[in-house]
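A quick write-up on the structure given underneath.
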Amino acid sequence: MTRREWLALSAGAALSGSCGRNAPLPPSTVSIVRAPAYDQSLYDAVRRIFQEHRPDLRGRSVVLKPNLVEFEPESSINTHPLLVHAVFEAAKAMGAARVRIAEGPGHRRNTLDLADAAGYFRTVPDFEDLFVDLNLDEVTRVHPGQHLSRLDNLYLPNTALGADLLISIPKMKTHHWTGATLAMKNLFGVVPSGIYGWPKNVLHWAGIAESIADLHAVFPRQFAIVDGIVGMEGNGPIQGTPKHAGVLVAGNDPVAVDATCCRIMRIDPYQIGYLRLAAEESEGRIDEVNIRQTGASLAEVATPFALPPDFPALRLEANP
């Protein structure tokens, strides 16, 4: 299905159901901030993002969720630790009572070794005291608010469930199974491998796109800051090649943030399965008319990413 066909179907559905629906939600604000390198300027860039969006953090419990995948510190696989520390410092400056860093990798069992190899111990003071391994955390059984996957319930870590705000800090990457991996796909890292195994194949069997959408519904209090300074293109999320985009993309609506990232990567968000599902559940929030973009324009920062080999149709049309 092309983007235009999808829009036509969505418009028809909206018209047919408009009599019983609430008024449309206001546009989601997404910031596109230029960030050319991993240096001290990141601290100011993240502070400016928080000042624009003004998340209510005073006295709150905040969990930062980076993307940690493999033992390759010089690659573009993992979220850069300097960005995570910049977000940590900004959250504390906004009055957060407690800020923790948490991740549950799906490929490696020794999470602290992985974090060490990725540079987190060298970059984040007292990292081990701040870090929670979500693969080994205490869990609670939850029932997703929507049920699109084959999973009737999910056992999820209490650290993530109990946060007043979950800040997702993913890497901007292509993905050989989903097309793109950004803020929404980053939620796979909150599913504990201690219960679901490595590499969490149960989420694949239940439907990858559907599982992503279900997880998104479980965590309504999110903020996303995507590390697009150096992302990954081609055969991501592990075997691709580094791609410099020089941006941070942020907002409190992960669906709108991911759609904006796709457009920066010159990927059609309507061709990403989990974004289509999210759009159906949130009144088309991936359409540009429903996203208020601030900072740099898409035209200024658009950087075509090489597509995964199995997704040749992802390329965004030149004149959508």
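The values are calculated or read from the model by the stated rules, or taken from the named source; none is laboratory data. Quick caveat, the model's predicted, so the values are computed rather than measured. Cβ sites come from the backbone with ideal geometry, for glycine too, and all protein chains shown count toward neighbours. Ligands, DNA and RNA are excluded from the accessible area calculation, which covers all protein heavy atoms including side chains. Shrake-Rupley method; radii C 1.70, N 1.55, O 1.52, S 1.80 Å.
Descriptive notes on the structure:
- Spatial offset of segment 197-272 relative to segment 284-311 amounts to 12 Å, using the alpha carbon center of each.
- Inter-probe distance in nm under a simple model that places probes 7 Å from Cα toward Cβ, at R98 and W205: 3.5 nm
- Taking 0.36 nm per residue of separation and subtracting the Cα-Cα distance, full extension of the segment from L112 to S297 would add 62.8 nm.
- Beta bridge orientation in the chain: antiparallel %, DSSP, nearest 5: 50 percent
- Accessible carbon and sulfur surface of segment 60-150 relative to its total accessible area, %, 1.4 Å: 43 percent
- Residue of L166, L25, L82 that the Gaussian network model of the chain assigns the largest fluctuation, springs spanning Cα pairs under 10 Å: L25
- Between the exposed loop cleavage positions of the chain, defined as GluC sites (Glu not before Pro) in a non-H, G, I, E, B DSSP state with at most 11 neighbouring beta-carbon atoms within 10 angstrom, the longest gap is 139-316.
- For the chain, built as a Gaussian network whose Cα springs stay under 10 Å, the top-fluctuating residue of G106, G59, G234: G59
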